[in-house]
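*Asks:* Structure provided below as structure tokens; questions to follow.
None of the figures in this text is laboratory data; all of them are computed from the coordinates on show. Predicted, not measured: the structure shown is a model, and the values here were computed from it. A quick note on method: Cβ atoms are made from the backbone with ideal geometry, for glycine too, and the neighbour counts reach across all protein chains shown.
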Amino acid sequence: MLNNADIQIIDANLSFLPIQTRVPLKFGAEVLNSVTCARANITVKKENGAMANGWGETPLSVQWVWPSHISYGERFDALLAFSEKLLLACRSFSERGHALEIGHSFVFKQVPEILNEFNRESRSGHEPIPWLAALVCASPFDLALHDAYGVVNEVPIYQSYDSNFLNHDLSKFLEPSKGSIISFTEKVPADYLELSPPNEIPVWHLVGGLDPLNKEELNGEEPDDGYPVHLEEWIERDGLNCLKIKLRGNDSDWDYNRLVSVGGIAHAMDVEYLTTDFNCTVTDPEYVNQILDRLKLDHNIIWKKILYVEQPFPYDLEKHQIKVHSLSQRKPLFMDESAHDWKHVRMGLELGWTGVALKTCKTQTGALLSLCWAKAHGMDLMVQDLTNPMLAQIPHVLLGAHAGTIMGVESNGMQFYPDASKHEAAIHPGVYQRRKGMLDLSTIKGAGFGYQMEIQ
């Protein structure tokens, strides 16, 4: 029996917001100099006639969601066109229920059908849009749906993921691993969430492959805009305590030397935690094993600072079913790009992965369900950034606060396009600047995602 908090979508809108980076960001073999954010607005209605709008936003980071040798322009245009298809489908989606229930039906039943049709008709003879890219295109609609649900019911969205609001328990959406005694019957997301998180959470800084580490590495072409331009400046200004290091994955000497260089700065400046991100370019666990073993032997202090290793291996987990136990015995190993949904997380656990890096850009619904599945099976969690600016930052950091991660949340939008978020930062200064290695989320409050601002 449906309850009186249930909603139905009655309208949806979509806009695209282009942003230029202040410095380039390297993704695997490609470099990002700009990004377009997809911003969705959804109107919902309850049975009693109450209506509300919700907002969601996600950067369409083409290089991350769709690594390919075909041109950036072709991929970008395809994602815009696919987003417009999703807009039409969202406007006509008539299911009623909780945002999580509607989102699950839309994202995991409707979107695959739309993707198959789009690839068959619009991409015939061309490289198809991958599922990760489709999820990112669906994400702003799903985020807006969750926001609208909270707003129309006058509840912060994370307080609605329980049996008082949901019509179904998690067994409707999730299956435990084969042979386990785990059950999702009578379980709800609230059972796996931190429902009273602290106002301040630790924040990770991204050390890009092109980033200068100190003043000696500057070439004079850096922006003169009042923001730090090398790693040592960032650490000093923001009091950073966690550094995520982008590596190449196909040049072991460069990767090792980069770890030694960044690790040396971390040690000298009292930064406690490091993580490595090989961006899906590694195909053999021995590549990473040898780097870690060499580091442990020659630079043990740096090795100890590495909290976990992030996604060295290719995106397509089904195609590349690499057994990774030898690596995860050395350091915790977290799925990122491969963790499209809980079924991929299940496959990852079987292959030897020990943790999951969640991202709101893969939809709020999907992130919540992956979170629940992973926690139920004893996997650790992180929440990783997609260089989220503007509205996209708020659901991102809220997930980080409520997920119970091993160490805060990654947030690097302030490195690559800080001025893009000036409007939002006026309302939530602590969300868009890092101080003493922390983000301050105390201004995020109220119904939905707690944006607390006028949105266009």
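*Asks:* Of K26/K422; K215/K244; K187/K331; K422/K445, which pairs sit farther than 27 Å apart, going by alpha carbon to alpha carbon? It would help to have the intermediate numbers written out before the result.
*Replies:* Numbers: K26/K422 24 Å; K215/K244 20 Å; K187/K331 31 Å; K422/K445 19 Å.
K187/K331, as the Cα separations exceed 27 Å there.
*Asks:* Suppose R0 equals 35 Å; then what is the FRET efficiency for R22 and D316 from their Cβ-Cβ distance, rounded to the nearest 0.05?
*Replies:* Working: r = 33 Å, r/R0 = 0.94.
Efficiency at R0 = 35 Å is approximately 0.60.
*Asks:* Same structure again: When only DSSP loop residues count, what trypsin sites (Lys or Arg not before Pro) in segment 219-248 have their Cβ near at most 14 other Cβ atoms within 10 Å?
*Replies:* Of the trypsin sites (Lys or Arg not before Pro), not one in the loops of segment 219-248 has a Cβ with at most 14 other Cβ atoms within 10 Å.
*Asks:* Here's a follow-up. Let's test the formula: R0 of 51 Å, r as the Cβ-Cβ distance of A268 and I181. What FRET efficiency results, to the nearest 0.05?
*Replies:* Approximately 0.60, to the nearest 0.05.
*Asks:* What whole number of Å gives the distance from the Cα centroid of segment 204-245 to the Cα centroid of segment 86-115?
*Replies:* Here the answer is 41 Å between Cα centres.
*Asks:* Taking the Cβ of each residue in T283, T58, T36, T387 as the centre, tally the other Cβ atoms inside 10 Å and list the residues starting with the fewest. Intermediate results must be reported in sequence, preceding the final value.
*Replies:* Details: T283 14, T58 31, T36 17, T387 24.
Least crowded to most crowded, the residues run T283, T36, T387, T58.
*Asks:* Taking Cα pairs under 8 Å and at least six residues apart, what relative contact order does segment 132-286 come out at, in percent?
*Replies:* Details: 143 pairs, mean separation 24.5, N = 155.
Reported relative contact order: 16 percent.
*Asks:* Tally Lys/Arg at +1 and Asp/Glu at -1 over every other residue whose Cβ is under 10 Å from the Cβ of A374; what's the total? All intermediate terms of the calculation are to be shown ahead of the outcome.
*Replies:* Values: positive: R346, K375; negative: D380.
Result for the local shell: +1.
*Asks:* If you don't mind, there's one more thing I want to ask. Taking the Cα centre of the chain as origin and charging only Cβ (+1 Lys, Arg; -1 Asp, Glu), how large is the dipole, in debye to the nearest 20? Please report the intermediate quantities before stating the final value.
*Replies:* Details: 39 positive and 59 negative charges, 149 e Å.
Value, rounded to 20: 720 debye.
*Asks:* So between S71 and E350, what do we pick up on full extension, going 0.36 nm a residue minus the alpha carbon distance?
*Replies:* Working: separation 279, 0.36 × 279 = 100.44 nm, distance 3.54 nm.
Length difference between fully extended and current span is 96.9 nm.
*Asks:* Mind pulling the angle between the C-alpha long axis of helix 252-268 and the longest principal axis of the chain? Nearest 10 degrees, somewhere in 0 to 90.
*Replies:* It is inclined by approximately 90 degrees.
*Asks:* Given R₀ = 51 Å, what would the calculated FRET efficiency be for D162 paired with K296, taking r from the Cβ atoms and rounding to 0.05?
*Replies:* It comes out at approximately 0.70.
*Asks:* Work out how much length R120 to N257 would gain on full extension: take 0.36 nm times their residue separation and subtract the Cα-Cα distance, in nm to one decimal. Show your work: numbers first, answer last.
*Replies:* Numbers: separation 137, 0.36 × 137 = 49.32 nm, distance 4.52 nm.
Length difference between fully extended and current span is 44.8 nm.
*Asks:* If amide H atoms are built 1.01 Å from N in the plane of the peptide, which residues on other chains or at least 5 residues away come under 5 Å of the amide H of G239?
*Replies:* Distant-sequence amide H within range of G239: K436, G437.
*Asks:* Lys and Arg at +1, Asp and Glu at -1: add these up for the other residues within a Cβ distance under 11 Å of V62 and post the number. Intermediate results must be reported in sequence, preceding the final value.
*Replies:* Working: positive: R75; negative: E30, E74, D77.
Cβ neighbours under 11 Å give a net charge of -2.
*Asks:* Continuing with this model, one more query. Rank G97, V111, W131 by how far each Cα sits towards the positive end of the charge dipole of segment 7-172 (+1 on Lys, Arg Cβ; -1 on Asp, Glu Cβ) and give me just the farthest.
*Replies:* Sorting the options by dipole projection puts first W131.
*Asks:* Calculate, in nm to one decimal, what A81 and A426 gain on full extension: separation in residues at 0.36 nm each, minus their alpha carbon distance.
*Replies:* Working: separation 345, 0.36 × 345 = 124.20 nm, distance 3.31 nm.
Difference between extended and current length: 120.9 nm.
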